[in-house]
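Peer 1: Here you go, one structure.
The values are calculated or read from the model by the stated rules, or taken from the named source; none is laboratory data. As the structure is a computational prediction, the values presented were derived from the model and not from experiment. Cβ: placed from backbone, ideal geometry, glycine included. Neighbour counts: every protein chain shown. Only protein heavy atoms, including side chains, enter the accessible area calculation; ligands, DNA and RNA are left aside. Shrake-Rupley method; radii C 1.70, N 1.55, O 1.52, S 1.80 Å.
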Amino acid sequence: MSSLKEKTARGLLWGSLSNGLQQLLNLVIGIFLARRLSEADYGMVGMVAIFTALGACLQEGGFIAALNKRQGATHRDFNAVFWTSIAVGGTFYAILFALAPLISRFYGVPELTPLTRYVTLSVVISSLSTAPRAWLFRHLMVRETSIMTLTALAVSGVVAIAMAYSGMAYWGIATQNIVYISIVAALSYYFSGWRPHWEFDLSPVREMLGFSSRLIVTNVFNIINTNVFSVVLGKLYTPRDVGNYTQANKWNTMGSSLISGIIYGVAQPVFTRVEGDRARQKAVLRKMLRFIALISFPLMLGLSLVAREFIVILITEKWLDSAHIMQLLCIAGAFMPVSALFSNLVISRGHSGAYMWSTIAQCLAGLAVALLLARHGIHTMVSAYVVVSVLWTGVWLRLAHRETGLRTTEFLRDISPYLLLSAALCIASHFIADGIPNIYLRMAAKVALVAFPYVGILWMAGSHILHEGVHFLIHHELKE
């Protein structure tokens, strides 16, 4: 248990540093690209993003989680996953290559045919790295994963910016993803030390399919849920509308994934290692829950508060239409890391079926909202989607209760201080600072009026998780 505690501490430390630096790099890269490219450029890539995501999901096949869950996984198991991923990735790319003209015809944009064929090359490249990435994940090699990810992000960002400023428009965004995945694939072999063998024994894959197949279905619906608005907007509206939504969702996702990414690298492996001790697992869950609430609510509600200033200062007024969408999405983004924590718990317990059905139901609810409210405009659609996302946290809580006995009162006790304090400070900051005419001073005032009172009040109130977090950052170890 002591070794697990040390690994968890190191994982959280490297996860925090890595995700912080990733979002900083994404911020810088995003500013350069958004200032150079148009809403339509982002919309073009946004319309085909769902196909790339689906391909990546199918070739990964849920095997990373399955290999983490598998007791005594051997090289034979990883090797079987390697060849299966390549076969699935290659097949999916061949299908999309043939269907590219139909995709272009569906949206009514001829340029999507070559773009689809180019962008989805990333599926084939990604399939080469499924096994070594699973090795890194299973062995809690968060430091190595962090270095790998940051390197790929920096290099791919430079390539995208260079192409954008050379007048290559949306091709720069498309190339960014391919370069990123290629570097991740290469470095995953370097850091893991794992190598495939010329053996085609796929029996381990058949043994894992019961678990992984449900994850595949789940991830497919997750992707549909994430990209449904891009598809609906691309069909019913214009690439410019898709671009505004894509831009707003990008900044929201950067914020929520900053917290989710920290937790993802350690949650499943840690939950798996304390699986036999339900009380211990519940204690770990509640500590992670408080840690998420401490960061997620002020960060995401604060981002919603300064969305207009944030957009105008960083990427100019041409993107102002995306600011209101971003304000709405950030409210849902505040709860996404909580749902991600609960879903990681469910997966770690081997209940991929429950995870699958919950995700399918949430996806169908989001899809129904998009289709029913499409004629009322983007803002109405997004508002309803946010309501569905926030309320669905209760469904994930119910599943967490089945696994650990976590009660609703305990859940509310863990998150309420951070949620209520963050919301109150954001509302007060809006009324106090919104009248400041200078946009830079207004944004600085809003941030200061939330950040400093938030930390100060919690510190004086003796917040255990805040004090423990400070101790953790200083000493790189978790308190008993």
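Peer 1: For region 69-127, which positions are open to solvent by 10 Å² or more (accessible area, probe 1.4 Å), within 21 Å of Met168 (Cα to Cα) and outside any helix (DSSP H, G or I)?
Peer 2: Val109, Pro110, Glu111 - these are the residues of region 69-127 that are open to solvent by 10 Å² or more (accessible area, probe 1.4 Å), within 21 Å of Met168 (Cα to Cα) and outside any helix (DSSP H, G or I).
Peer 1: Sticking with this structure for a sec: Say whether the condition of being under 30 Å from Lys235 (Cα atoms) and open to solvent by 20 Å² or more (accessible area, probe 1.4 Å) is met by at least one residue in region 128-150.
Peer 2: No, every residue in region 128-150 fails to be under 30 Å from Lys235 (Cα atoms) and open to solvent by 20 Å² or more (accessible area, probe 1.4 Å).
Peer 1: So which residues in region 151-204 are polar (S, T, N, Q), outside any loop (DSSP other than H, G, I, E, B), open to solvent by 50 Å² or more (accessible area, probe 1.4 Å) and under 21 Å from Tyr42 (Cβ atoms), if there are any at all?
Peer 2: Asn177 - this is the single residue of region 151-204 that is polar (S, T, N, Q), outside any loop (DSSP other than H, G, I, E, B), open to solvent by 50 Å² or more (accessible area, probe 1.4 Å) and under 21 Å from Tyr42 (Cβ atoms).
Peer 1: When the residues of region 21-52 are narrowed to those that are within 22 Å of Leu258 (Cβ to Cβ) and open to solvent by less than 30 Å² (accessible area, probe 1.4 Å), which ends up modelled with the lowest pLDDT?
Peer 2: Only one residue fits best here, namely Gln23.
Peer 1: Right, here's the next one. Under 9 Å between Cβ atoms, at least 6 apart or on separate chains: pull out the pairs that start in region 178-191 with a residue that is under 13 Å from Thr120 (Cα atoms) and free of Cβ contacts under 8 Å to residues at least 60 places away in the same chain and end on any residue that is open to solvent by 30 Å² or more (accessible area, probe 1.4 Å) and among the small types (Gly, Ala, Ser).
Peer 2: From residues that are under 13 Å from Thr120 (Cα atoms) and free of Cβ contacts under 8 Å to residues at least 60 places away in the same chain, the pairs are Ile181/Ala56.
Peer 1: From the list Gly234, Gly243, pick out the single residue that is part of a helix (DSSP H, G or I), touching a Gly at 6+ places or on another chain (Cβ under 9 Å) and modelled with pLDDT of 80 or more.
Peer 2: Gly243
Peer 1: What single numbered condition from (1) over 24 Å from Asn227 (Cβ atoms); (2) touching a residue at least 12 places away in the same chain (Cβ under 8 Å) fails to hold for Gly366?
Peer 2: Single failed check for Gly366: (1).
Peer 1: Here's something else I'd like to know. Restricting attention to helices (runs of 4 or more DSSP H) lying wholly within region 288-389, give those where 3 or more residues are closer than 27 Å to Ala451 by Cβ and not aromatic (Phe, Trp, Tyr).
Peer 2: 307-315, 321-348
Peer 1: Checking Leu372 against (1) open to solvent by 50 Å² or more (accessible area, probe 1.4 Å); (2) more than 30 Å from Thr226 (Cα to Cα), which test does it fail?
Peer 2: (2)
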